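The values are calculated or read from the model by the stated rules, or taken from the named source; none is laboratory data. In this text, all values refer to a predicted model and were calculated from it rather than measured experimentally. Glycine also receives a Cβ, built like all others from the backbone with ideal geometry; neighbour counts cover every protein chain displayed.
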Amino acid sequence: MGFWLELAATGLITGGIYAVVAIGLNLQYGLMRIMNISHGEFLMLGAYFTWLAHTVLKVNPLVFVPVVAFVLFVLGLVVYRLCFRRIARTSPSVDVIEARSLLVSFGLMFLVQNAAYLAWGADLRGYSFLDQTVEVGSARFTANRLVVFAFALGASLVLIGILRYTLIGKAVRAMMQSPTGAQLVGIDTAVLHPTVFGAGLALAGVAGALLSMVYEISPAMGEPYTVTALIVITLGGLGSTVGALLGGLLLGVVEAFGMHFTSPSLKMLLSYGVFIAVLLARPKGLFAR
Amino acid sequence: MKLTALLTRIAAAAVAAAVLAPAFAQAPVKIGYAIARTGPWAAGAQVTQEPNYIMWAEQVNARGGLNVKGVKRKIELIGLDDRSDTETVVRSYEKLMGSDKVDLILPPWSTGANFAMMPLAQKYGYPMLSPTATGRKLLGMKNPYFFALLQQPDLMMDALAEYLVARSAKTAAVVYVDELFGLEQLDGLERALKAKGIQIVEKKSYPLGVKDLQPVLNDIKAKNPDAFIALSYPPDTFLITAQSKAIGFNPKLFYTAVGTAFPVYRDKFGPTAEGVMGLGTWNPRTSPAAKAYFDAHVARWKKEPDRWASAHAWAGLQILEQAVAKAGLDRKVLRDTIANGEFDTIIGKIRFKNGENVSTPGVVSQWQGGEFEVVWPPDRSTSAALYPKQPWK
């Protein structure tokens, strides 16, 4: 019994991390059609900022998470102003936004990644934080993984709450359904657009900060997360935050059980297997309306 | 003086200058290589390999240049980023040897990358002394220009098996990374353990970049093997250590492969690293020359070299330097000189037989009080082994 509990829990923990990364990307792509392929690079920046703060300034990484979120949010506003504002304004349709932003963010990916190589070199970096063992029932985990899971779940739920139950959330959803209609009813899209983009990057930063507590970091760490996040948001349904959360958790659990019953080498096969199965059954994703 | 005579003299002087100039200002020796500065291989390549290339060129130039059969010529390094991409490795070397026509090459990082570009080195006739390529499959290609500096997997795994027998271990569990490196090591390990009568109770592979191995480690913990051997690459080495500690999996012998010898392993885990074993060859106490290399590396890069292949990389450069002094830059002669000579290096004398370093024995190393001590075989050891491993701290 304890064994199965542990297996399910490890899956949920991995899934929780997938979910935070995916929700950030979903804000940009699912809601705004900005195909930000450099999402993972900002995750990497968040991880490096946290590592620096912890190793140089001796700041507790958990305390630093809100700081990373704020810094990345501001950075998001700047990036939006420099790279995506023009695209969002001049593109005749959302499909064009998608194609153009894909190209721009592809360049951004190389820029950010290579800036990190210049600044910090290619070495693996890491620190130990909360690595003592915690026993829950008969299952054992490192404390940092549980903390990461709690933060990931918390951040996702708060965001879902904001989008569902507040006026701002309503405005964001309205803007996504019809940008022109939203403007007509008095929603300031010129403010809201960059804010949502910034929130997406802030989430990437939070995910990076959390990951740095568990894994070693390097400038190349971001790309695989971008790919996983793309799978998760397609799985959950574009634009559905609940879908991204549940999709992330599902993928994590399937991987954990799959690794137990088959071999970890088949992990990719399992992820894509789930992905294809869901798309066959529900082509628009699990939670698309 | 007549104008024509003056012109003739000037022309003669110019010709003489053009002919004699190289004797005074030697053209530099161009040495090319491609290595990972970005992408997933960079973490290993930038610890073990490229810092050594650059430091070597700097040191040689500070001494007045590379001794080419008695003539000192400056080294000009031409380093390219292979972006951790095998195709880019091959294309870069094709360019360096085929169109740039560099004088010498240095090898890329990793077993896979070396395997991919070896045939090109043979085609263009460039000897390569590889510090991070290991596998019988590579030597099996019988490439006369390829020289492997690292101990082959069977040597390393034989040493490990001998050590296990000496401690009367009976069972072992293995995980290995799904790359040429992991497969080659596994092959060596399975043979070695079989020969020594040690039973493998569990064997699982995983992909590079895996993020969670706790389910696998739990399965293995339930089987309670005497020894746990992970034929792993750097990021997974860290993951496996952290998760084994988390679930309280503490076998008598805990062994992880590449990355264990990296200083960052000790820096990250602190006392947790105590007693962990892995692939290594040396440490600063191995010899005065090794200590001098270690100190120079720390002074130049503000970081320590790793305790396995870094020293092999340096040894390779020492061999190249000695061979060039003897044979010059005729690469055919240079190859024969390397193949038939014996060379002094920081890891002892090295001689090659069919491209294999037959002088450096397989060893087992272990973290003890912040140093990666060599603990097996007895005649190479710098410290006595801790066995069984103490509980995780």
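The table that follows gives values for the structure above.
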| item | result |
| --- | --- |
| Test for A:Val112: is it part of a strand (DSSP E or B) and within 14 Å of chain B (Cβ to nearest Cβ) | no |
| Condition check for B:Tyr33: touching a helix residue (DSSP H, G or I) at 6+ places or on another chain (Cβ under 8 Å), in contact (Cβ under 8 Å) with a residue 60 or more places away in the chain, of a type in the set (Ser, Thr, Tyr) and in a strand (DSSP E or B) | yes |
| Single match in A:Phe73, A:Phe129, A:Phe64 (criterion: among the hydrophobic types (A, V, I, L, M, F, W, C) and either within 14 Å of chain B (Cβ to nearest Cβ) or in contact with a strand residue (DSSP E or B) (Cβ under 6 Å, 6 or more places away or on another chain) (or both)) | A:Phe129 |
| Breaking point among (1) among the aliphatic types (A, V, I, L, M); (2) part of a helix (DSSP H, G or I); (3) modelled with pLDDT under 95, for B:Ala133 | (2) |
| Selected residue (only one of B:Pro215, B:Pro235 is at pLDDT below 95, more than 30 Å from the chain's Cα centre (by Cα), in the same structural domain as B:Thr260 (by TED's automatic domain parsing) and not in a strand (DSSP E or B)) | B:Pro215 |
| Cβ pairs under 7 Å, 6+ apart, first in region B:181-197 and among the aromatic types (Phe, Trp, Tyr), second assigned to a helix (DSSP H, G or I) | B:Phe181/B:Thr111 |
| Region B:170-183 - residue that is in a helix (DSSP H, G or I) and within 13 Å of chain A (Cβ to nearest Cβ) and, of those, surrounded by the fewest Cβ atoms within 10 Å (Cβ to Cβ) | B:Leu183 |
| Region B:222-245 - residue that is more than 21 Å from B:Gln185 (Cβ to Cβ) and facing chain A (nearest Cβ under 10 Å) and, of those, surrounded by the fewest Cβ atoms within 10 Å (Cβ to Cβ) | B:Ala222 |
| Residue that is surrounded by the fewest Cβ atoms within 10 Å (Cβ to Cβ), among those in region A:173-218 that are within 23 Å of A:Ala155 (Cα to Cα) and modelled with pLDDT under 85 | A:Arg173 |
| Those residues of region A:86-107 which are touching a residue at least 24 places away in the same chain (Cβ under 8 Å) and crowded, with 16+ Cβ neighbours inside 10 Å, in sequence order | A:Ile87, A:Ala88, A:Ile97, A:Glu98, A:Ser101, A:Ser105 |
| Residue in region B:251-264 that is within 12 Å of chain A (Cβ to nearest Cβ), in a helix (DSSP H, G or I), hydrophobic (A, V, I, L, M, F, W, C) and under 30 Å from A:Thr10 (Cβ atoms) present | yes |
| Boolean, A:Tyr117 is surrounded by fewer than 20 Cβ atoms within 10 Å (Cβ to Cβ), touching a residue at least 24 places away in the same chain (Cβ under 8 Å), in a loop (DSSP other than H, G, I, E, B) and not hydrophobic (A, V, I, L, M, F, W, C) | no |
| Subset of region A:4-41 [more than 13 Å from the chain's Cα centre (by Cα), over 25 Å from A:Ser91 (Cα atoms) and touching a residue at least 12 places away in the same chain (Cβ under 8 Å)] | A:Leu5, A:Glu6, A:Leu7, A:Ala8, A:Ala9, A:Thr10, A:Gly11, A:Leu12, A:Ile13 |
| Among (1) touching a helix residue (DSSP H, G or I) at 6+ places or on another chain (Cβ under 9 Å); (2) farther than 30 Å from B:Thr272 by Cβ, the one test that A:Leu118 misses | (1) |
| From B:Gly280, B:Gly259, B:Gly275, B:Gly248, residue being surrounded by 24 or more Cβ atoms within 10 Å (Cβ to Cβ) and small (Gly, Ala, Ser) | B:Gly259 |
| Answer from A:Phe257, A:Phe275 - the residue that is touching a residue at least 60 places away in the same chain (Cβ under 8 Å) and assigned to a helix (DSSP H, G or I) | A:Phe257 |
| Residue count, region B:144-169 (criterion: part of a loop (DSSP other than H, G, I, E, B) and either modelled with pLDDT of 95 or more or within 24 Å of B:Ala261 (Cβ to Cβ) (or both)) | 8 |
| Strands (runs of 3 or more DSSP E) wholly inside region B:300-393 that include at least 1 residues being touching a residue at least 60 places away in the same chain (Cβ under 8 Å) and surrounded by fewer than 17 Cβ atoms within 10 Å (Cβ to Cβ) | B:371-376 |
| Any chance A:Leu130 is touching a residue at least 60 places away in the same chain (Cβ under 8 Å) and surrounded by fewer than 18 Cβ atoms within 10 Å (Cβ to Cβ) | yes |
| Restricting region A:87-108 to residues that are modelled with pLDDT of 90 or more and closer than 23 Å to A:Thr195 by Cβ, the residue that is farthest from the other protein chains (Cβ to nearest Cβ) | A:Arg100 |
| Within region B:187-214, tally of residues that are within 14 Å of chain A (Cβ to nearest Cβ), surrounded by fewer than 22 Cβ atoms within 10 Å (Cβ to Cβ) and closer than 20 Å to B:Pro251 by Cα | 4 |
| A:Phe197 vs. criteria more than 14 Å from every other protein chain (Cβ to nearest Cβ), within 27 Å of B:Gln214 (Cβ to Cβ) and of a type outside the set (Gly, Ala, Ser) | no |
| Residue ranges of strands (runs of 3 or more DSSP E) in region B:43-114 with at least 2 members surrounded by 18 or more Cβ atoms within 10 Å (Cβ to Cβ) | B:75-81 |
| Any hit, region B:108-118, residues being farther than 22 Å from B:Asp178 by Cα, at pLDDT 95 or above and not assigned by TED's automatic domain parsing to the domain that holds B:Gly209 | no |
| Verdict on A:Leu230 being away from every other protein chain (no Cβ under 14 Å) and closer than 30 Å to A:Asp123 by Cα | yes |
| Unmet criterion (only one of (1) surrounded by fewer than 15 Cβ atoms within 10 Å (Cβ to Cβ); (2) at pLDDT 85 or above) for A:Leu163 | (1) |
